[in-house]
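The values are calculated or read from the model by the stated rules, or taken from the named source; none is laboratory data. If you're wondering where the values come from, they're calculated on a predicted model, not measured in any experiment. Reconstructed Cβ throughout: ideal geometry from the backbone, glycine too, with neighbour counts over all protein chains shown. Calculation scope for accessible area: heavy atoms of the full protein, side chains included, ligands and nucleic acids excluded. Shrake-Rupley method; radii C 1.70, N 1.55, O 1.52, S 1.80 Å.
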Amino acid sequence: MDREGRWQPELVAFLLGSAAYTWLLAAGVLWMDVGELAAAAATLGGAHPPGHPGHSLLGKLACFIPIGEVATRLSFLSALCTGAMLAGLVRLLRVFFPKHSTMALFAVIPVAFAPGIVLNATRPEVY
């Protein structure tokens with residue numbers, strides 16, 4: 001809630017999106033670049049070009065979270081980042097359509113559960 005007692009749809013989108021993606025997290029290393037990106041983040045090494053330095057630095061911080069293995073921790077980071085993306089999308093919709101704040105929250109539901117979004121939100125991938 002803000003100072004006027006109104007609820008914030010951005011916060012709701014972030015919390016619900018992050019919770020849904022956390023519930024669907026990949027339990028460990030999966031196919032494609034997951035193992036390479038997890039190793040690069042854990043060791044602060046480089047991945048294949050372009051190297052993904054931002055992901056490696058944020059991933060190193062996520063490696064300190066005391067849950068599961070390193071790949072699971074990086075999957076949790078992906079879930080939080082995708083939740084933040086949903087919050088940003090809700091904010092953008094509220095800027096363009098200020099009279100429809102509640103509808104902005106419902107408008108991101110198809111985006112939140114699009115197969116490509118869910119796939120990348122539940123594993124340590126960089127897209």
_How much accessible area per residue does the chain have, counting only protein heavy atoms and a probe of 1.4 Å, in square angstrom?_
58
_Are there DSSP H segments in the chain that both extend 24 Å or more along their axis (alpha-carbon positions) and score a mean Kyte-Doolittle hydropathy of at least -0.5? List them, or say none._
70-96
*asked:* With unit charges on the beta carbons (Lys and Arg positive, Asp and Glu negative) and the dipole taken about the Cα centre of the chain, which residue among 21, 115, 105 sits farthest to the positive side?
replied: 105
*Once you have the Kirkwood Rh of the chain from its Cα pairs, apply Stokes-Einstein at 37 °C and 0.692 mPa s and quote D in µm²/s.*
214
*With a Förster radius of 30 Å, plug the Cβ-Cβ distance of residue 102 and residue 69 into 1/(1 + (r/R0)^6) and report the FRET value to the nearest 0.05.*
0.15
*What value, in deg cm²/dmol to 500, does the helix sum -39500 (n - 2.57) over DSSP H runs of n ≥ 4 give at 222 nm once divided by the residues of the chain?*
-19500 deg cm²/dmol
*asked:* Could you tell me which residue out of 48, 32, 95 lies farthest along the dipole of the chain toward its positive end? Charges go on the beta carbon: Lys and Arg +1, Asp and Glu -1, centred on the Cα centre.
replied: 95
_Restricting to Cα atoms and excluding each atom paired with itself, what does the Kirkwood estimate give for region 60-127 in Å?_
13.1
_Distance between modelled label sites at residue 8 and residue 113, nm, 7 Å Cα→Cβ extension_ = 2.6
_Treating only the Cβ of Lys, Arg, Asp and Glu as charged (+1, +1, -1, -1), what charge dipole size does region 18-127 show about its Cα centre? Round to the nearest 20 debye._
460
*Convex hull volume of the Cα atoms in region 34-74, per residue, in Å³?*
48
